[in-house]
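Below is one structure, written out as structure tokens; comments come after it.
The values are calculated or read from the model by the stated rules, or taken from the named source; none is laboratory data. Predicted model only: the values in this text are computed from it and were never measured. Quick reminder, even Gly has a Cβ in these numbers, built from the backbone with ideal geometry, and neighbours come from all protein chains shown. Just so you know, the surface numbers come from the protein's heavy atoms only, side chains and all, with ligands and any DNA or RNA stripped out. Shrake-Rupley method; radii C 1.70, N 1.55, O 1.52, S 1.80 Å.
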Amino acid sequence: MSPKPKVLGVLTGGGDCPGLNSVIRAIVRKAHPEGIQVIGIKNGWKGLVEKQVIGLDLTSVSGILPKGGTILGTSRTNPYKDPAALAALKKHYSELALEALIAIGGEDTLGVANRLFQEGFRVVGVPKTIDNDLSGTDFTFGFDTAVNIAMESIDRLHTTAESHHRIMVAEVMGRHAGWIAVHAGLAGGADVILIPEVPINLEEVCKLLRKRHERGKTFSIVVVAEGAKIQGDTVTQEGKLDEFGHVRLGGVGHHLGELIEAKTGFETRVTVLGHIQRGGSPTAFDRILGTRFGVRAVELVLRGEFGKMPALRGNEIANIPIETAVSQLKTVDRDLYELAKVFFG
Ligand code: F6P
């Protein structure tokens with residue numbers, strides 16, 4: 001058992017996500033009665049490299065529960081890419097007298113957290129991503145909000161698709177995994193759902209759409225995850241990589257829409273939902289999950305269980321090694337995709 005820390009740092013890294021503020025609020029509310037001072041590190045790992053911090057007290061987290069984004073700001077800074085940045089980060093960690101750190105993030109932020117833990121830093125993780133592709137946890141917060149936004153958009157696309165007798169392609173987020181596409185597509189009654197895990201078979205997609213039109217339907221909804229592959233390739237907006245080596249995705253919807261229209265002759269329109277899915281107020285599910293994760297993260301700090309993170313397993317919050325979340329991607333469950341296929345065409 002480690003001694004209770006007097007100063008605890010908290011940061012949010014990677015893509016923002018509805019529910020981040022619920023976690024920050026829960027951390028401060030749980031730590032404050034323990035007499036722990038919480039320091040908010042701004043803009044992810046960048047804030048520790050550049051020593052940009054703010055004090056977090058009960059006043060600073062008041063009223064933030066329904067707010068989207070993160071009051072701390074975020075970045076995709078990878079301190080392990082630059083030895084000078086890493087040295088600065090370590091220097092500032094000690095200058096700020098941090099005795100523990102909670103890093104809230106996805107695979108990249110948690111990957112850095114895990115490396116720091118392996119180097120002896122007292123780090124606890126909190127899993128975050130709208131993509132829901134982190135292993136070890138049934139769900140990440142942010143995912144439910146994104147799915148609901150995408151579902152509502154699909155509902156709206158239905159009425160205009162039906163009026164104009166068109167194919168509507170809706171491109172949703174999902175870099176490596178099609179969780180948002182499958183959940184939103186199922187909930188929204190999509191006629192075809194395409195995900196990164198299963199290469200797109202254009203002939204098959206067009207066959208399904210023709211079959212549907214043969215049985216009297218004059219419109220269809222196709223949901224495609226941004227990371228879905230056409231002829232083995234992902235569609236990218238630009239070749240530039242971020243600090244973690246990720247290319248900027250986007251464009252598969254437009255590419256697919258053109259191909260579908262050319263092959264079927266059905267008039268097709270494309271909607272890219274993009275960051276709309278990541279913005280705005282979190283659902284009740286995400287606020288509660290974020291709150292449970294935040295409280296548990298502080299409990300892990302108090303118990304000296306570093307290198308771990310809370311995870312949702314069924315209805316329980318489990319404590320699992322950060323390593324579990326970062327070592328393997330959680331891709332779409334094949335049974336769920338087979339279920340979604342029942343409704344294709
Ligand atoms: O955080 C995950 C995610 O939303 C992915 O679905 C998407 O590919 C990526 O982030 C886009 O991030 P940004 O535009 O912020 O670089």
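Out of segment 281-294, which residues are open to solvent by 40 Å² or more (accessible area, probe 1.4 Å) and closer than 18 Å to residue 153 by Cβ?
Hit for segment 281-294 is 281, nothing else.
So, in segment 56-86, how many residues would count as being open to solvent by 50 Å² or more (accessible area, probe 1.4 Å) and without any contact (Cβ under 8 Å) to a residue 40 or more places away in the chain?
Residues in segment 56-86 being open to solvent by 50 Å² or more (accessible area, probe 1.4 Å) and without any contact (Cβ under 8 Å) to a residue 40 or more places away in the chain: 8 in total.
Here is a list: 142, 120, 136, 125. Which entry is on the phi > 0 side of the Ramachandran plot and buried (at least 24 other Cβ atoms within 10 Å of the Cβ)? Break it down into steps so the answer makes sense when it comes.
Working: 120 fails: buried (at least 24 other Cβ atoms within 10 Å of the Cβ); 136 fails: buried (at least 24 other Cβ atoms within 10 Å of the Cβ); 125 fails: on the phi > 0 side of the Ramachandran plot.
Going through 142, 120, 136, 125 in turn, just one is on the phi > 0 side of the Ramachandran plot and buried (at least 24 other Cβ atoms within 10 Å of the Cβ): 142.
Restricting to segment 325-345, name every residue that is open to solvent by less than 60 Å² (accessible area, probe 1.4 Å), of a type outside the set (A, V, I, L, M, F, W, C) and either in a loop (DSSP other than H, G, I, E, B) or modelled with pLDDT under 95 (or both). So that I can check it myself, show each step before the final result.
Within segment 325-345, the subset open to solvent by less than 60 Å² (accessible area, probe 1.4 Å) is 325-326, 330, 332, 336-337, 340, 344-345.
Still in the list and also of a type outside the set (A, V, I, L, M, F, W, C): 330, 337, 345.
Within segment 325-345, 330, 345 meet the criteria.
Pairs only if they're at least six apart or on different chains, beta carbon under 9 angstrom, first in segment 153-182 and acidic (Asp, Glu) and within 16 Å of the ligand (Cβ to nearest atom), second open to solvent by less than 20 Å² (accessible area, probe 1.4 Å) and not in a helix (DSSP H, G or I); list them, first residue then second.
Pairs found: 171/223; 171/224; 171/225; 171/228; 171/250; 171/273.
In segment 4-35, how many residues are in a loop (DSSP other than H, G, I, E, B), more than 16 Å from the ligand (Cβ to nearest atom) and either touching a residue at least 40 places away in the same chain (Cβ under 8 Å) or among the hydroxyl-bearing types (Ser, Thr, Tyr) (or both)? Talk me through it step by step, then tell me what you get.
Taking segment 4-35 as the starting set, the residues that turn out to be in a loop (DSSP other than H, G, I, E, B) are 4-6, 13-19, 35.
Among the residues that remain, those that are also more than 16 Å from the ligand (Cβ to nearest atom) are: 4-6, 35.
Subsequent filtering for residues that are either touching a residue at least 40 places away in the same chain (Cβ under 8 Å) or among the hydroxyl-bearing types (Ser, Thr, Tyr) (or both) retains 4-6.
Of the residues in that region, 3 qualify.
For residues that are touching a residue at least 60 places away in the same chain (Cβ under 8 Å), within 16 Å of the ligand (Cβ to nearest atom) and under 24 Å from residue 186 (Cβ atoms), tally how many sit in segment 207-253.
Counting residues in segment 207-253 that are touching a residue at least 60 places away in the same chain (Cβ under 8 Å), within 16 Å of the ligand (Cβ to nearest atom) and under 24 Å from residue 186 (Cβ atoms) gives 5.
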